[in-house]
Amino acid sequence: MTETPALPLAGLRVLAVEQYGAGPFGTSYLADLGAEVIKIENHHDGGDVGRHVGPHFFGADDSHFFQTFNRNKKSLTLDLKQPEGMAVLRKLAASADALLDNLRGDLPQKLGLTYAQLKDANPRLVCAHLSAYGRSGSRKAWPGYDYLMQAEAGHLSLTGEPDGPPTRYGLSIVDLMTGLAAAFGLLAGVVKARESGEGMDVDTSLFDVALHNLNYPGTWYLNAEVVTGRTARSGHPSLVPSQLYRTQDGWLFIMCNKEKFWPLLARELGHPEWEHDPQLATFAARLKNRSQVQELLDAALMQQPTAVWLERLSGKVPVSPVFDVAQALQNPFVHEREGVVDYDYGDGRSARMIANPIRVGGRTLPHRAAPRMGEHNEALLREAGFDQAAIAKLRALGVIAGHAAPEHPEGTDTGHAASP
């Protein structure tokens, strides 16, 4: 019998003092790829606030929101404000590769979660910190959330129609990208720590990631003082055609982001003369005549329904239908890509969620549902060297949850791709 190859992050142990979205999203990547992610939850506060974010729930303290961000993890209840709680954390840190928190910027120092405060427990420990505005500076104690960052970092000024109000993205993209940045920074730190034997602090923040995501419009302003604004129909600021266009029954998004696609599009639309028209033949000409291009493409595309154009253009010119959430998840291509997976509770129930986007050759990623609060208290504490009397004392002091979490099987490490 051939042994199943290990997942890429098997053997990586991460303590996660996290809640809500950004931090848990980052560590969900680690957990999905095989890391042991131990989620530290304060039971006195009801655990991760994400457990209670509605309106959709699988059960008590088990929201759809929470499941999305916390599958494949373990849960340990621990009150870090009590010295006995910090003693437990330090004991766990001795066997961990990293600790990630997504607390307000001033709290890691106050709670004792920095490398300087934990290095005597484990000199190789990497302490990754994700905050709203950073752990230094005038805003370190400020609370902050995704939409605020979109607003202040200029994203709202780039999104929406030119004559409409500033508009946020439809998703909490700053949270998601900051979580991914934190996970990337954590792994970079672990690579170095394993080589050198010395850990470190690694920091990122919602604000810094939002600013970084200004990307080339930021470079345009810094070097040419160009202030990029909103473009009609979600158009690219400098490439035409690259926006929404009308069809007979809806919309298409077409992106001719290389010159070679314009002649192909022109011929498929029945207008080969556009290829050599001096007002249309180059990026510069089409940008100058954006309105004319829109009128011409709308007129041509409105002769047929969206499905006909998709059949004609797909695979030749970069083109996409415009779906709502239901249509996106019912897309046959999602089923082909095994993009929706059942995550098993281990008791016959499952939560259907979107699969991790990273595919690892010859390996099946774990498909375990998110844990109950404190589900792994007993096992983790016993593994750390606490006997039953010591665990009972921690429970009596309120350091861990006041009653033993009921045990159930872990749930399989493999699952099946469910059709959308």
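Quick notes on this structure:
- For segment 349-389, the set of residues classified as open to solvent by 60 Å² or more (accessible area, probe 1.4 Å), touching a residue at least 24 places away in the same chain (Cβ under 8 Å), out of contact with any Leu (no Cβ under 7 Å at 6 or more places or on another chain) and of a type in the set (D, E, K, R) consists of Arg349, Arg352, Arg372, listed by residue number.
- Test: Glu225 is outside the structural domain of Arg168 (by the TED database), farther than 26 Å from Pro166 by Cβ and surrounded by fewer than 13 Cβ atoms within 10 Å (Cβ to Cβ): no
- Scanning segment 126-151 for residues that are open to solvent by 40 Å² or more (accessible area, probe 1.4 Å), in contact with a Leu (Cβ under 9 Å, 6 or more places away or on another chain) and not in a loop (DSSP other than H, G, I, E, B) yields a total of 2.
- Within segment 181-206, tally of residues that are open to solvent by 50 Å² or more (accessible area, probe 1.4 Å) and of a type outside the set (Ser, Thr, Tyr): 11
- Residue satisfying all of: in segment 231-263; open to solvent by 60 Å² or more (accessible area, probe 1.4 Å) and either not in a loop (DSSP other than H, G, I, E, B) or not assigned by the TED database to the domain that holds Leu313 (or both); farthest from Glu161 (Cα to Cα) among these: Met255
- If the condition is being among the small types (Gly, Ala, Ser) and at positive phi, then segment 205-249 contributes only Ser234.
- Within segment 19-38, considering residues that are open to solvent by less than 10 Å² (accessible area, probe 1.4 Å) and not in a helix (DSSP H, G or I), the one nearest to Val209 (Cα to Cα): Gly21
- Residue within segment 300-321 that is surrounded by 14 or more Cβ atoms within 10 Å (Cβ to Cβ), among the hydroxyl-bearing types (Ser, Thr, Tyr) and under 19 Å from the mean Cα position of the chain (by Cα) present: no
- Counting only strands (runs of 3 or more DSSP E) wholly contained in segment 53-109, the ones carrying 2 or more residues that are touching a helix residue (DSSP H, G or I) at 6+ places or on another chain (Cβ under 9 Å) and under 19 Å from Phe25 (Cα atoms) occupy 74-77, 98-101.
- Residue list for segment 318-350, restricted to those being in a helix (DSSP H, G or I) and of a type in the set (D, E, K, R): Glu336
Results for (1) more than 30 Å from Ala6 (Cα to Cα); (2) in a loop (DSSP other than H, G, I, E, B); (3) at pLDDT below 95; (4) of a type in the set (S, T, N, Q), shown as yes or no for each residue.
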| residue | (1), (2), (3), (4) |
| --- | --- |
| Val293 | yes, no, no, no |
| Arg312 | yes, no, no, no |
| Lys316 | yes, yes, no, no |
| Arg352 | no, no, no, no |
| Ile358 | no, yes, no, no |
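The values are calculated or read from the model by the stated rules, or taken from the named source; none is laboratory data. What you are looking at is a predicted structure, and each value in this text was computed from that prediction instead of being measured. Methodologically, a virtual Cβ is constructed for each residue, glycine included, from the backbone with ideal geometry; neighbour enumeration extends over all protein chains shown. Surface accessibility is based on the protein's heavy atoms, side chains included, excluding ligands, DNA and RNA. Shrake-Rupley method; radii C 1.70, N 1.55, O 1.52, S 1.80 Å.
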